[in-house]
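Have a look at the structure below, then the notes.
The values are calculated or read from the model by the stated rules, or taken from the named source; none is laboratory data. Keep in mind it's a predicted model, so treat the numbers as computed, not measured. Heads up, the Cβs are rebuilt from the backbone with ideal geometry, glycines too, and the neighbour counts pull from every protein chain shown.
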Amino acid sequence: MDKKVIQEVISDQLVLSLQKTDVVRMNRSLPDDNEVVVLSGIRRCGKSTLMQEIRESNTERDYYLNFDDDRLLRFTVDDFQTLLELFGEMFGKQNTFYFDEIQNIKGWERFVRRLHDYGNKVYVTGSNASMLSKELGTHLTGRHYQTELFPFSFSEYLKLRNVEFTTNDFYSTDGKVLLKSEFNNYFKLGGFPAYLKSGNRQYLKSLYQSILYRDVMVRNGLTNEKEILELVYFIASNPAKLVSYNSLTKAIGVKNATTVKNYLTHLQDSYLVFLVNKYDVSLKKQLQNHKKAYFIDLGLIKEVGFQHSEDNGRMLENLAFIELKRRGAEVYYHNNKKECDFVIKDKNKITAAIQVCWSMYEEATRKREVDGLMDAIETYNLQEGLILTESDEEEFTVKDKKINVLPVWKWMLWQP
């Protein structure tokens, strides 16, 4: 690439990048050593914002480049040395580097490995799970720390809205009314920061198209747009439902299940869709069983899919799943004699069981949710279980096992 073009991009981005943001996302632990820090997640979820917060907190902040820039389309691994020289010429000697969407450059991991080997600190962001994982695993094993970002949590949404609260508000009438009202809006809008600020649904449509075409189709050389659109539409219209490769093959009219499996892999890599396995000690059986499909964000679901009002329970389950992912949980579903929405694995052991439903009011629903939860509790020898609802709250025991029922909004605001 022309050295002057790279210099121009560096200069332009330096002016734009350190702008103040509305919500600080630095409330996460990052290693204070020379390991490579990788921030990954779906496009426009706030990775760059967190990168800028890190830069603001460091004395060395000038060696920055965002590769998601049309002027860098011809940038290749051979241009990294030119970039390194330009940084030195423009800013003098520094040892901290910041690279946004670096996975756009094939072979990037070799350059980052070189920087690390020479004692530099490197921060990178990326929006493709498997590319980052594969490349990091090949060249940076034991030399990196990876953290995944998601659209705004309910707590971050409240910060954006300048709503302050304490745990006392969980119990006072005024506090509960305020937080529940805000949660209703969050449940409707989702958590993408720019959409929450603008309220422009066109933004969500544009974001979805960018993810689908740039991060899924172009990046993976896919050409059958119709099949992929129908697959995403089906999942967005049926969040939290059991699916199989064969059932999806029939639903969207694809010729074979392998094609659907490949599509789903690419959708998961882009962080748009998540598939959850049934828990089994046998990995082979986990892979063979039906999956539960979830979507990255409720606002995007409503833009992409088709929902009825009776789908609210599954939307609530989808929201709870993303919160569990945000907290770093390893999530499965349970289905032995009865089904339980989530079981959480920690250190080769199931440590928690969670059900999600809209309301416990109807007796049939209450029995189904409690029976499924108890099946998981007894299977994994747990002492208690949790049922998340839209607004119900109570505590009771079944066979000496404690069952907590909590509103999702309160659970989301409690620190894990």
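Structure values in brief
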{"read-out": "Per-region count, segment 332-373, residues surrounded by fewer than 22 Cβ atoms within 10 Å (Cβ to Cβ) and not aromatic (Phe, Trp, Tyr)", "value": "25"}
{"read-out": "Residue 183 being modelled with pLDDT of 95 or more, surrounded by 19 or more Cβ atoms within 10 Å (Cβ to Cβ) and in contact with a Cys (Cβ under 8 Å, 6 or more places away or on another chain)", "value": "no"}
{"read-out": "Residue ranges of helices (runs of 4 or more DSSP H) in segment 224-284 with at least 2 members under 19 Å from the mean Cα position of the chain (by Cα) and not assigned by TED's automatic domain parsing to the domain that holds residue 347", "value": "225-237, 257-269"}
{"read-out": "Which listed residue, of 202, 209, is within 20 Å of the chain's Cα centre (by Cα), surrounded by fewer than 17 Cβ atoms within 10 Å (Cβ to Cβ) and without any contact (Cβ under 8 Å) to a residue 12 or more places away in the chain", "value": "209"}
{"read-out": "From the options 234, 187, residue that is touching a Gly at 6+ places or on another chain (Cβ under 9 Å) and not hydroxyl-bearing (Ser, Thr, Tyr)", "value": "234"}
{"read-out": "Which listed residue, of 333, 294, is more than 17 Å from residue 387 (Cα to Cα), in contact (Cβ under 8 Å) with a residue 12 or more places away in the chain and hydroxyl-bearing (Ser, Thr, Tyr)", "value": "294"}
{"read-out": "Residue, nearest to residue 338 (Cα to Cα), within segment 379-416, restricted to residues that are assigned to a loop (DSSP other than H, G, I, E, B) and of a type in the set (Phe, Trp, Tyr)", "value": "380"}
{"read-out": "Residue list for segment 264-323, restricted to those being within 24 Å of residue 101 (Cα to Cα), touching a strand residue (DSSP E or B) at 6+ places or on another chain (Cβ under 8 Å) and not aliphatic (A, V, I, L, M)", "value": "268, 271, 274, 295"}
{"read-out": "Selection status of residue 376, surrounded by fewer than 18 Cβ atoms within 10 Å (Cβ to Cβ), aliphatic (A, V, I, L, M) and outside any strand (DSSP E or B)", "value": "no"}
{"read-out": "Residue match in segment 131-145 (condition: surrounded by fewer than 18 Cβ atoms within 10 Å (Cβ to Cβ), in contact (Cβ under 8 Å) with a residue 60 or more places away in the chain and touching a strand residue (DSSP E or B) at 6+ places or on another chain (Cβ under 7 Å))", "value": "yes"}
{"read-out": "Residue identified as touching a Leu at 6+ places or on another chain (Cβ under 6 Å) and within 30 Å of residue 337 (Cβ to Cβ) among 273, 243, 281", "value": "273"}
{"read-out": "Search result, residues across segment 316-359 that are modelled with pLDDT under 95 and among the aliphatic types (A, V, I, L, M)", "value": "none"}
{"read-out": "Those residues of segment 85-104 which are touching a Leu at 6+ places or on another chain (Cβ under 8 Å) and not hydroxyl-bearing (Ser, Thr, Tyr), in sequence order", "value": "97, 99, 100, 103, 104"}
{"read-out": "Residue 312 being surrounded by fewer than 20 Cβ atoms within 10 Å (Cβ to Cβ) and without any contact (Cβ under 8 Å) to a residue 60 or more places away in the chain", "value": "no"}
{"read-out": "Residue check for residue 260: modelled with pLDDT of 95 or more and farther than 23 Å from residue 358 by Cβ", "value": "yes"}
{"read-out": "Qualifying residue in segment 74-81 (condition: at pLDDT 90 or above, among the β-branched types (Val, Ile, Thr), crowded, with 21+ Cβ neighbours inside 10 Å and within 24 Å of residue 210 (Cα to Cα))", "value": "no"}
{"read-out": "Failed condition for residue 165, given (1) over 20 Å from the mean Cα position of the chain (by Cα); (2) free of Cβ contacts under 8 Å to residues at least 40 places away in the same chain", "value": "(2)"}
{"read-out": "Members of segment 24-41 that are at pLDDT below 75 and under 21 Å from residue 196 (Cβ atoms)", "value": "24, 25, 26, 27, 28"}
{"read-out": "Total residues in segment 287-325, condition part of a helix (DSSP H, G or I) and under 19 Å from residue 354 (Cβ atoms)", "value": "15"}
